[in-house]
Amino acid sequence: MNSFHIQPQVFFGDDAMDRLLELKGRRVFVVADPFVVKSGAIALVTDRLARCGAEHTVYSEVVPDPPIESVAQGVVALGGFGGDTMVAIGGGSAIDSAKLIREFRKRIDPSAPAMRLIAIPTTSGTGSEATNVAVVADTQAQVKIPLMSDDLTPDEAILAVELVKSVPPPLTADTGMDVFTHALEAIVSRAGSDFSASFAARAIEIVGTYLLRSYHDAGDLEARSRMHNASCLAGMAFNASSLGLNHGMAHALGARFHLPHGRANAMILPHVIGFNSGVCAQTRECASGCRAVSGYVAAARLLGLQTLDAVTAVRALVRWVEFMLAEMGMPKGVSQAGVCSESEYRAAIPAMADAAVADHCTAGNPRDATVDDVRRLYEALW
Ligand SMILES: NC(=O)c1ccc[n+]([C@@H]2O[C@H](COP(=O)([O-])OP(=O)(O)OC[C@H]3O[C@@H](n4cnc5c(N)ncnc54)[C@H](O)[C@@H]3O)[C@@H](O)[C@H]2O)c1
Ligand SMILES: [Fe+2]
């Protein structure tokens, strides 16, 4: 039996942040990205909480790609404050931290009152505000672990464009390609359905039209706001289906060499599209009926790419990804990312391949991948 439901309730539009004015009488634990505090954007939350008389405290010890230790520190801070509402404001790292802090607190003390979680993303990328996933890093084992439970899903999301105006071009590129990867993996996922595909399709169309506009002109508020919607839509899409091998490989690569999540996803995309579809530069035929190929053909059409048949559509999709990487100054492979030497990278491949195959996300990939397949993909990624 399959089912489909949507959480969170989404507030968007010019006055979306005013939802916080309705928290009168609440005791609010705010989990904030340090950038949000430093830039003063936190006032958009705290001023409203003060105006409506909600007691609150701000916890901002959030670390990018949150490690277990930093989540544990947050659980202790929450225990000292209590509260009935949590507001998470920041990128995926802050929202994932908040999800985990709330969940671990509940498990440690089941008698603690239930907390409502309101997520306010400040990047347009992870869609974490709309998913049951939180990624935690085990820094000792050098792996990132995506934890999944519907108990993690935020109750509400606020999409406020004023918070993403400050995102610099490289972060716009990384997070924007993360949105695209979410939507593409959702559309070809084994667990996909008409419901998830409709959210994914809209996200792909929006990325095709608005990502480069956001990248080249930070002040283009229409583009920024559409990309913010696309990020949430793509989150809803993969939440209702799954991610795939691309994310499994990106988690292992990011945990080992500290590459930004979206950048890792983006450089892996051409390789995984080729693997899943069986289409490479030399191919003339492919299994046009298979889920991966039909999903990639649909994506190519949504991007408005000119295609003759399934093979040219998949090739055009790969070329589009490569074009986006070049246009936004993103590395095409690990050698261009400047994070390690070739020998360090090649030595890490066996462990990364094992981690990628074991990653929760990989199970949703439309084609089974063996450890040897993944090793070959990492080899080609240098
Ligand atoms: N839960 C999910 O469904 C899900 C999905 C995909 C990825 N993730 C995880 O999310 C994390 C990545 O999140 P992210 O890509 O949003 O980056 P991030 O949250 O790690 O933030 C990256 C950097 O951008 C800064 N930043 C945040 N907002 C900004 C703004 N408005 N202006 C300028 N700088 C800003 C942060 O301070 C940080 O230094 C990874 O750990 C990834 O594994 C989670
Ligand atoms: Fe992602």
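Under the convention that each Lys and Arg Cβ holds +1 and each Asp and Glu Cβ holds -1, the size of the dipole of the chain around its Cα centre is about 200 debye.
Near the amide H of Thr85, within less than 5 Å, lie the amide hydrogens of Arg27, Phe29, Arg116, all on another chain or at least 5 residues away, with H placed in the peptide plane. This ranking places Val207, Val133, Val318 by how few other beta-carbon atoms lie within 10 Å of each, fewest first, which gives Val318, Val133, Val207. Ranking Thr85, Gly278, Phe199 by how far each Cα lies toward the positive end of the dipole of the chain (charges on Cβ) leaves Gly278 at the top. Each peptide in 372-382, 253-263 was scored by the mean count of other Cβ atoms within 10 Å over its residues; highest first, the order is 253-263, 372-382.
The share of Cα pairs per 10 Å bin across the stretch 9-166, counted from zero up to the longest distance, runs 11, 45, 36, 8, 0 percent. Across the chain, C-alpha contacts under 8 Å between residues 6 or more apart give a mean separation that, scaled by the residue count, equals a relative contact order of 15 percent.
Would you list Cys340, Cys286, Cys52, Cys232 from fewest to most Cβ contacts within 10 Å?
Cys52, Cys340, Cys286, Cys232
Provide the FRET efficiency to the nearest 0.05 for the Arg213-Asp354 pair, computing r from the beta carbons and using R0 = 35 Å.
0.30
Seen from Pro67, the other residues with C-beta closer than 12 Å to its C-beta sum to a net charge of -4, counting Lys and Arg as +1 and Asp and Glu as -1. Given R₀ = 41 Å, FRET efficiency for Phe81-Asp14 by Cβ-Cβ distance, to 0.05? Once the sixth-power term is evaluated, E becomes 0.85. Each Lys or Arg adds one and each Asp or Glu takes one away; over the other residues whose Cβ falls under 14 Å from the Cβ of Ser214, this sums to -2. In the stretch 29-171, Cα pairs under 8 Å separated by at least six residues give a relative contact order of 23 percent. Taking the fewest neighbouring Cβ atoms within 10 Å as the starting point, the ordered list for Val297, Val179 is Val297, Val179.
Assuming charge only on the beta carbon of Lys and Arg (+1) and of Asp and Glu (-1), the dipole of the stretch 170-381 about its Cα centre is about 220 debye to the nearest 20. Sorted from longest to shortest, the spans of the Cα atoms of the chain along the three principal axes equal 66, 45, 42 Å.
Values quoted throughout were computed directly from the atomic coordinates according to the rules given, and no laboratory measurement underlies them. Just so it is clear, the structure is predicted and the values come from calculations on it, not from any experiment. All Cβ positions, glycine included, derive from the backbone under ideal geometry; neighbour counts span all protein chains shown.
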